[in-house]
Amino acid sequence: MEDENYSLLKVKTLNIQKTNFIEKGIGTILLEYQFEKAIDRYFKQIRFDLILYSTPPITLTRIIEKIKTRDRAKTYLLLKDIFPQNAVDIGMMSPKGVLYRFFRKKEQKLYLLSDYIGCMSPANVQFLLEHNPEINSEHIEVCPNSVELATNHAVVDKDKIRKKFDIPIGSVVFIYGGNLGKPQGLDFLLRIFESNRDKNDRYFMVVGSGTEYGKISQWFDVNKPVNAQLLSALPKMDYDELVESCDVGLIFLDPRFTIPNYPSRLLSYLEYKMPVLMATDVNTDIGSIAEENGYGLWCENGDLEKFNLLLDKLASDPSLRNQMGENGYIFLEENYTVEKGYEIIMRHMM
């Protein structure tokens with residue numbers, strides 16, 4: 001696909017997201033060969049000044065090194081996730097296994113190949129330096145996920161959208177949207193539903209897909225909660241309208257994580273001026289950043305008593321929700337826009 005300002009090359013691969021571990025592993029290994037073949041075929045005559053790439057995957061080292069050497073290009077890694085340690089944390093890979101050692105070597109080579117590494121948060125910078133002391137600290141910085149804010153955003157009719165999805169008009173709606181996989185530690189979410197089944201002032205929406213969708217769907221089929229609803233992935237326009245009609249965004253991470261994950265779904269919640277309620281591991285700083293800047297509340301995944309206290313607090317105080325929503329949007333404008341990301345990256349090209 002070509003435009004006046006860009007050329008877009010789409011490469012057919014195996015599934016590497018929202019699939020089983022075997023397909024994801026094989027697909028990740030094959031990516032480098034598939035990308036190299038496609039680039040050699042379609043972009044052979046093009047010379048690059050900057051190579052931007054993200055993790056996952058971590059298996060593109062050869063093609064990145066090839067282009068960097070050929071074109072004398074600068075390389076910038078957008079570190080979205082730390083693999084393979086994330087797989088080790090949740091029991092999907094053994095730290096003593098052959099597969100781990102293979103991917104760990106790939107990871108280390110990718111870091112050394114990168115002129116600059118943009119991390120999701122300060123905790124990610126710290127983790128990277130502690131576990132990879134060979135990296136020059138001057139080449140690592142915070143460059144988080146970003147969003148392009150609409151200049152003339154249309155306000156949706158919340159009551160109309162809620163009727164469309166059979167959501168009670170008067171309820172405070174808590175929404176979880178995104179990947180329904182093992183990294184999210186969603187067993188805790190089902191415990192939350194169970195402990196709030198008799199509360200009619202709140203309603204829970206779960207929208208997404210992933211390896212745990214079947215398990216969650218089965219729970220809904222058996223328990224038939226009246227204040228919770230599960231939907232498979234929606235078209236983006238429908239999903240955005242639904243999010244905007246809700247009141248509080250939910251974020252979950254498995255409590256076993258030692259790496260500081262920073263889920264991208266945070267941005268859509270902030271964009272629609274929603275406070276964020278989080279239950280995560282203790283190593284990520286997504287909760288502390290939210291609390292320090294007044295747009296979210298946090299507890300450790302598994303602490304049901306504290307989570308329900310925070311849930312009650314948000315459900316009962318509309319002025320608090322409104323203020324936190326405004327705080328979040330301001331923080332988004334100041335830190336998570338594409339303009340900010342562009343400035344961080346391009347200052348290295350001057």
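The values are calculated or read from the model by the stated rules, or taken from the named source; none is laboratory data. None of the values given here were measured: they were computed from a predicted structure. Glycine gets a Cβ as well: all are built from the backbone with ideal geometry, and neighbour counts include every protein chain shown.
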Does the stretch 88-105 hold any residues that are farther than 23 Å from Glu65 by Cβ, touching a residue at least 12 places away in the same chain (Cβ under 8 Å) and not in a loop (DSSP other than H, G, I, E, B), and which are they?
Val88, Asp89
Every residue from the stretch 3-41 that is part of a loop (DSSP other than H, G, I, E, B) and in contact (Cβ under 8 Å) with a residue 12 or more places away in the chain:
Leu9, Val11, Lys12, Thr13, Leu14, Asn15, Ile16, Gln17, Lys18, Thr19, Asn20
Suppose we filter the stretch 42-76 for residues that are closer than 21 Å to Gly25 by Cα and either assigned to a helix (DSSP H, G or I) or of a type outside the set (Val, Ile, Thr) (or both); how many remain?
9
Just need a number here: residues in the stretch 74-115 that are among the charged types (D, E, K, R) and touching a strand residue (DSSP E or B) at 6+ places or on another chain (Cβ under 7 Å).
4
Kindly provide the set of residues from the stretch 211-236 that are surrounded by 14 or more Cβ atoms within 10 Å (Cβ to Cβ), assigned to a loop (DSSP other than H, G, I, E, B) and either touching a Pro at 6+ places or on another chain (Cβ under 9 Å) or polar (S, T, N, Q) (or both), ordered by number.
Thr211, Asn227
Count of residues meeting criterion [assigned to a helix (DSSP H, G or I) and farther than 14 Å from Gly25 by Cα] in the stretch 106-130
16
Just to check your reading of the model, which residue among Glu212, Glu134, Glu130, Glu141 is farther than 20 Å from Met274 by Cα and either basic (Lys, Arg) or without any contact (Cβ under 8 Å) to a residue 12 or more places away in the chain (or both)?
Glu130
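If you go through the stretch 259-271 one residue at a time, do you hit one that is over 30 Å from Met92 (Cα atoms), surrounded by 15 or more Cβ atoms within 10 Å (Cβ to Cβ), assigned by TED's automatic domain parsing to the domain that holds Asp187 and in contact with a Pro (Cβ under 6 Å, 6 or more places away or on another chain)?
Looking through the stretch 259-271, none of the residues is over 30 Å from Met92 (Cα atoms), surrounded by 15 or more Cβ atoms within 10 Å (Cβ to Cβ), assigned by TED's automatic domain parsing to the domain that holds Asp187 and in contact with a Pro (Cβ under 6 Å, 6 or more places away or on another chain).
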Leu250 being touching a residue at least 24 places away in the same chain (Cβ under 8 Å) and in a strand (DSSP E or B):
yes
Options Pro144, Pro133, Pro168: the member that is over 30 Å from Met205 (Cβ atoms), not acidic (Asp, Glu) and not in a helix (DSSP H, G or I):
Pro133
